[in-house]
1. How do the pairs read when you match residues in segment 43-64 that are surrounded by 10 or more Cβ atoms within 10 Å (Cβ to Cβ) with residues anywhere that are of a type in the set (Lys, Arg), using Cβ under 7 Å and keeping only pairs 6 or more apart or on different chains?
2. Among what's in segment 1-20 and is part of a strand (DSSP E or B) and exposed (fewer than 10 other Cβ atoms within 10 Å of the Cβ), pick the residue that is farthest from the chain's Cα centre (by Cα).
3. LYS61 passes all but one of (1) closer than 20 Å to HIS5 by Cβ; (2) assigned to a helix (DSSP H, G or I); which number fails?
4. So ILE30 clears everything in (1) outside any helix (DSSP H, G or I); (2) surrounded by 10 or more Cβ atoms within 10 Å (Cβ to Cβ); (3) not aromatic (Phe, Trp, Tyr) except one condition, right? Which one?
5. In the set LEU23, LEU73, which member is surrounded by 10 or more Cβ atoms within 10 Å (Cβ to Cβ), in contact with a strand residue (DSSP E or B) (Cβ under 9 Å, 6 or more places away or on another chain) and part of a helix (DSSP H, G or I)?
6. On the basis of being in a loop (DSSP other than H, G, I, E, B) and modelled with pLDDT of 95 or more, does GLY80 make the cut?
Amino acid sequence: MEFLHRTRDGRKIPLREMGDIHLLNTISLIASKAKAGVIASRGGGSSPDDFWYEEEHFSGKDALEYLSYDRYLEEAKRRGLA
């Protein structure tokens, strides 16, 4: 299955279709976010009585993995950008 990048405006595009500058900027952004830490949240439920919510904080290597850093870096290497 092909990896899809979600753009700032919510569109999903195949990673291979990102422009070079966009790809490099995304790699830089992911590295900055990983250093600062990111919060992953999820929740659900079918009614107000059933609702649940949880958050988890990731930083460093865990954040890089959560943000799919390796996929972006591999694409940059494939293009000879990294």
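The values are calculated or read from the model by the stated rules, or taken from the named source; none is laboratory data. Computed from a prediction, not measured in an experiment: that's the story for all the values here. Every residue, glycine as well, gets a Cβ built from its backbone with ideal geometry; the counts of neighbours run over all protein chains shown.
1. The qualifying pairs are ALA63/LYS33.
2. So in segment 1-20, the residues part of a strand (DSSP E or B) come out as 4-6, 12-14.
Applying the additional criterion that residues be exposed (fewer than 10 other Cβ atoms within 10 Å of the Cβ) yields 6, 12.
Numbers: ARG6: 8, LYS12: 12 Å.
It comes out as LYS12.
3. (1)
4. (1)
5. On the way: LEU73 fails: in contact with a strand residue (DSSP E or B) (Cβ under 9 Å, 6 or more places away or on another chain).
Being surrounded by 10 or more Cβ atoms within 10 Å (Cβ to Cβ), in contact with a strand residue (DSSP E or B) (Cβ under 9 Å, 6 or more places away or on another chain) and part of a helix (DSSP H, G or I) holds for just one of LEU23, LEU73, which is LEU23.
6. Criteria met by GLY80.
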